[in-house]
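Since the structure comes first, as structure tokens, the remarks are kept for the end.
The values are calculated or read from the model by the stated rules, or taken from the named source; none is laboratory data. Because the structure is predicted, anything quoted here is derived from the model rather than measured. FYI the Cβ positions are ideal-geometry reconstructions off the backbone, even for glycines, and counts take in every protein chain you see.
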Amino acid sequence: MGVDEQRVPGGGWPRPVVPRIGARVSYALHHLLAAKPAYRRLGAWLERRRPAYRWFTWAERVTKEQLYGCRMCGQCALPDTGYTCPMTCPKQLRNGPCGGVSAEGRCEVHPELVCVWVTAIERAQDAGHGADLDLLQRPVDHREWDRSSWVNYWQGRDDGLGIAPSEDDPRPLLRRELGLRPR
């Protein structure tokens, strides 16, 4: 995906989004939708019926865009980032903030907005999921854009998107090393 294609429809770069639904509620909803054999069968059925898949993906897009600012990357990191979409970062960083985040926690590109990662850290810690942020997120596979991340999840295609630190270097990717503190 070229630089111009990463821009938001209508021009400009993605803008950090503060989710409209609480992290605790989001984790509870995720638990209800966790991969189960019935959901795996539903995902396979949807993929065999393109109109149903398109409808399902449209409903996912509308819902997640309204709640989280989702950009439909097809490889959802929401469960690992305090239900704050890292793809709303103007630089689309999936593993923490850039070096330009201000001391007040403001975005370098959009200084009037709070950095996506400051929001993610606060939400994950408040919900008791701060350790999730220690997972290393794999780079985005741009071939998955506009596909249903729920179907990909149920089909096991995104297993291992968040990787724990290696045995060779077991140190967690501590958020405190980045100099960020919740407000």
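Of all residues in segment 109-122, which are closer than 12 Å to ARG15 by Cα and touching a residue at least 12 places away in the same chain (Cβ under 8 Å)? Listed by number, the residues that qualify are VAL109, HIS110, LEU113, VAL114, CYS115, VAL116. Restricted to segment 65-99, and to residues there that are charged (D, E, K, R) and touching a residue at least 12 places away in the same chain (Cβ under 8 Å), the residue that is nearest to HIS110 (Cα to Cα) is LYS91. Residues in segment 138-151 that are surrounded by fewer than 15 Cβ atoms within 10 Å (Cβ to Cβ) and outside any loop (DSSP other than H, G, I, E, B): HIS142, ARG143.
The condition of being of a type outside the set (Ser, Thr, Tyr), assigned to a loop (DSSP other than H, G, I, E, B) and in contact with a Lys or Arg (Cβ under 9 Å, 6 or more places away or on another chain) holds for only one of GLU104, GLU122, that being GLU104. The set of residues in segment 24-46 that are among the small types (Gly, Ala, Ser) and more than 14 Å from LEU67 (Cβ to Cβ) comprises ALA34, ALA35, ALA38, GLY43, ALA44. Residue pairs whose Cβ atoms lie under 9 Å apart, sitting 6 or more positions apart in sequence or on different chains, and linking a residue in segment 29-41 that is over 15 Å from VAL151 (Cβ atoms) and exposed (fewer than 11 other Cβ atoms within 10 Å of the Cβ) to a partner that is hydroxyl-bearing (Ser, Thr, Tyr) and at pLDDT below 90, do not occur here.
The residue of segment 81-93 that is nearest to GLY128 (Cα to Cα), among those that are under 12 Å from the mean Cα position of the chain (by Cα) and surrounded by fewer than 22 Cβ atoms within 10 Å (Cβ to Cβ), is LEU93. Residue-level check: of (1) outside any loop (DSSP other than H, G, I, E, B); (2) touching a helix residue (DSSP H, G or I) at 6+ places or on another chain (Cβ under 7 Å), TRP45 misses just (2). Residue check, VAL109 against (1) under 23 Å from HIS31 (Cα atoms); (2) more than 13 Å from the chain's Cα centre (by Cα), all met but one. Which one? The one condition VAL109 does not meet is (1). Of all residues being assigned to a helix (DSSP H, G or I) and surrounded by 14 or more Cβ atoms within 10 Å (Cβ to Cβ) in segment 1-23, which is modelled with the lowest pLDDT? Just the residue, please. Looking at the filtered set, the residue picked out is GLN6. Within the option set LEU78, LEU135, being at pLDDT 90 or above and either under 28 Å from TRP55 (Cα atoms) or crowded, with 16+ Cβ neighbours inside 10 Å (or both) holds for one residue only, LEU78. On the stretch given as segment 48-80, residues that are more than 29 Å from LEU133 (Cβ to Cβ) and either aromatic (Phe, Trp, Tyr) or under 10 Å from the mean Cα position of the chain (by Cα) (or both) total 4.
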